[in-house]
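Engineer: What follows is a single structure, and I will ask about it in a moment.
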Amino acid sequence: MALPPILAERLRIPVIGSPLFIISGPELVIAQCKAGIVGSFPALNARPASQLDEWLAQITEELADWDRKNPDRPSAPFAMNQIVHKTNDRLEHDVEMAVKYKVPVTITSLGAREDVNQAIHSYGGVVLHDVINDRFARKAVEKGADGLIPVAAGAGGHAGHLSPFALVQELREWFDGPIALSGSIANGAAILGAQAMGADLAYIGSAFIATKEANAQQGYKDMIVASSGDDIVYSNLFTGVHGNYLRPSIEAAGLDPDNLPQSDPSKMSFGSGGNQKAKAWKDIWGCGQGIGAIKDIPSAGDMIDRLAAEYEAAKAALAAKTSLTRGSALAMAAE
């Protein structure tokens, strides 16, 4: 199945900027969309709930104005993330806001509900659901999700433990809809690699934390630049759900990253984990294993320019290797 037109025709490169809890706001989303990738944010970032109306108005108005002034390079669509979990008492309100503003793409997490999907479909919106395994993926599609976001090992924040090769391979055995792969993607070659293994889009988060528009502490951004994949710790202590976090932020909270206890998954929290004084996202900083590619803190637009150049270079290099291999094979056959 082909990508929906809104994703196939309006993207400069096949990338979705993932919704970053606390960090993604209108400034980052608008910059991402203007530069040609899907910009997204969690609905819960708008606090209080009434602020969500203001954010959606700002995003839709500024992108519409950009499109009027730049008909030759219109903005990419934006997305809003909905936490579909019983602990989210704002879900109904936030879905109503999505319908009011006809949010082009909705990303659902931590649960799948038919009524939410139907609400988004009522105005022609697209629903992508993030999953960590094949079982959850099948449930999401059965309940009406249009596409899947396999969150593989190495992804920032809440993440699964399966290799992206294994996860995409299993999904493609039965699902021919849109797939946006998440997990350690931080340069243009990795975007092409995601497509080569069967995904349609790359889902990039951690790289955008270290951009000027991101609503993250400067220390957080600096830590990403200074860190590598070896500095990522996988634990469920902080929210009750397994995720990847920066080792130096765990150490700064007075904890031993190599001896973290297990948390009770039934006590899932979007703030602190159990009685821990250090709060996930605020004090314990989520991040993916791909950050070794991040060397500075550019604007989101400059980051996307870089990704686009790397992506085109990777495609050219692959084409050259393919041509060379084909030429060698033909030469051998002629001998």
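Engineer: Within segment 63-72, identify whether any single residue is of a type in the set (A, V, I, L, M), touching a strand residue (DSSP E or B) at 6+ places or on another chain (Cβ under 9 Å) and touching a residue at least 40 places away in the same chain (Cβ under 8 Å), and answer yes or no.
Structural biologist: The answer is no, given that none of the residues of segment 63-72 is of a type in the set (A, V, I, L, M), touching a strand residue (DSSP E or B) at 6+ places or on another chain (Cβ under 9 Å) and touching a residue at least 40 places away in the same chain (Cβ under 8 Å).
Engineer: Residue by residue through segment 28-75, note down the ones that are part of a helix (DSSP H, G or I) and of a type in the set (S, T, N, Q). I'd like the intermediate steps shown before the answer.
Structural biologist: The initial filter retains those residues of segment 28-75 that are part of a helix (DSSP H, G or I), namely 28-35, 43-45, 50-69.
Within segment 28-75, Q32, N45, S50, Q51, Q58, T60 meet the criteria.
Engineer: Scan segment 106-119 and report the pairs whose first residue is touching a residue at least 60 places away in the same chain (Cβ under 8 Å) and whose second residue is of a type in the set (G, A, S), with Cβ atoms within less than 7 Å and a gap of 6+ or a chain change.
Structural biologist: If the second residue must be of a type in the set (G, A, S), the pairs left are I107/S40; I107/A79.
Engineer: Looking at the structure I just gave you, is A196 in contact with a helix residue (DSSP H, G or I) (Cβ under 9 Å, 6 or more places away or on another chain), aliphatic (A, V, I, L, M) and open to solvent by less than 30 Å² (accessible area, probe 1.4 Å)? Full working, then the answer.
Structural biologist: Numbers: in contact with a helix residue (DSSP H, G or I) (Cβ under 9 Å, 6 or more places away or on another chain): yes; aliphatic (A, V, I, L, M): yes; open to solvent by less than 30 Å² (accessible area, probe 1.4 Å): no.
When the stated conditions are applied, A196 does not pass them.
Here is a yes/no grid of residues against (1) open to solvent by 20 Å² or more (accessible area, probe 1.4 Å); (2) of a type in the set (A, V, I, L, M, F, W, C):
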{"site": "A64", "(1), (2)": "yes, yes"}
{"site": "P71", "(1), (2)": "yes, no"}
{"site": "F78", "(1), (2)": "no, yes"}
{"site": "L91", "(1), (2)": "no, yes"}
{"site": "V99", "(1), (2)": "yes, yes"}
{"site": "R113", "(1), (2)": "yes, no"}
{"site": "V116", "(1), (2)": "no, yes"}
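Engineer: Look at L162 and say whether it is surrounded by fewer than 22 Cβ atoms within 10 Å (Cβ to Cβ) and touching a strand residue (DSSP E or B) at 6+ places or on another chain (Cβ under 6 Å).
Structural biologist: On the way: surrounded by fewer than 22 Cβ atoms within 10 Å (Cβ to Cβ): yes; touching a strand residue (DSSP E or B) at 6+ places or on another chain (Cβ under 6 Å): no.
For L162, the condition - surrounded by fewer than 22 Cβ atoms within 10 Å (Cβ to Cβ) and touching a strand residue (DSSP E or B) at 6+ places or on another chain (Cβ under 6 Å) - is not met.
Rundown of residues vs (1) open to solvent by less than 40 Å² (accessible area, probe 1.4 Å); (2) more than 22 Å from H121 (Cβ to Cβ); (3) at pLDDT 95 or above, yes/no style:
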{"site": "M1", "(1), (2), (3)": "no, no, no"}
{"site": "P5", "(1), (2), (3)": "no, no, no"}
{"site": "F21", "(1), (2), (3)": "no, yes, no"}
{"site": "G25", "(1), (2), (3)": "yes, yes, yes"}
{"site": "I37", "(1), (2), (3)": "yes, yes, yes"}
{"site": "P42", "(1), (2), (3)": "yes, no, yes"}
{"site": "Q51", "(1), (2), (3)": "no, yes, yes"}
{"site": "R68", "(1), (2), (3)": "no, yes, yes"}
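Engineer: Now for a different question. Output the qualifying pairs, or none if there are none: Cβ atoms under 6 angstrom, residues six or more apart or on different chains, first residue in segment 75-86 and farther than 10 Å from V127 by Cα, second residue among the acidic types (D, E) and open to solvent by 10 Å² or more (accessible area, probe 1.4 Å).
Structural biologist: Close Cβ pairs satisfying both conditions: S75/D67.
Engineer: Would it be correct to say that R247 is modelled with pLDDT of 95 or more and open to solvent by 70 Å² or more (accessible area, probe 1.4 Å)?
Structural biologist: It is false that R247 is modelled with pLDDT of 95 or more and open to solvent by 70 Å² or more (accessible area, probe 1.4 Å).
Engineer: Among the residues of segment 199-223 satisfying the criterion of being out of contact with any strand residue (DSSP E or B) (no Cβ under 7 Å at 6 or more places or on another chain) and more than 21 Å from P248 (Cβ to Cβ), which is surrounded by the most Cβ atoms within 10 Å (Cβ to Cβ)?
Structural biologist: Among residues in segment 199-223 that are out of contact with any strand residue (DSSP E or B) (no Cβ under 7 Å at 6 or more places or on another chain) and more than 21 Å from P248 (Cβ to Cβ), the one surrounded by the most Cβ atoms within 10 Å (Cβ to Cβ) is E213.
Engineer: Considering each residue of segment 89-126, count those that are over 16 Å from the mean Cα position of the chain (by Cα) and either within 18 Å of K139 (Cβ to Cβ) or in a helix (DSSP H, G or I) (or both), and give that number.
Structural biologist: Looking only at that region, the number is 22.
Engineer: Of the numbered conditions (1) farther than 19 Å from L307 by Cα; (2) at pLDDT 95 or above; (3) over 18 Å from the mean Cα position of the chain (by Cα), S228 satisfies every one except a single condition; which is it?
Structural biologist: Condition not satisfied by S228: (1).
The values are calculated or read from the model by the stated rules, or taken from the named source; none is laboratory data. Just so we're clear, the structure is a prediction, and the values are computed from it rather than from any experiment. In this analysis, Cβ positions are derived from the backbone assuming ideal geometry, glycine residues included, and neighbour counts consider all displayed protein chains. Each accessible area value is taken on the protein alone, full model and side chains, heavy atoms only, with ligands, DNA and RNA left out. Shrake-Rupley method; radii C 1.70, N 1.55, O 1.52, S 1.80 Å.
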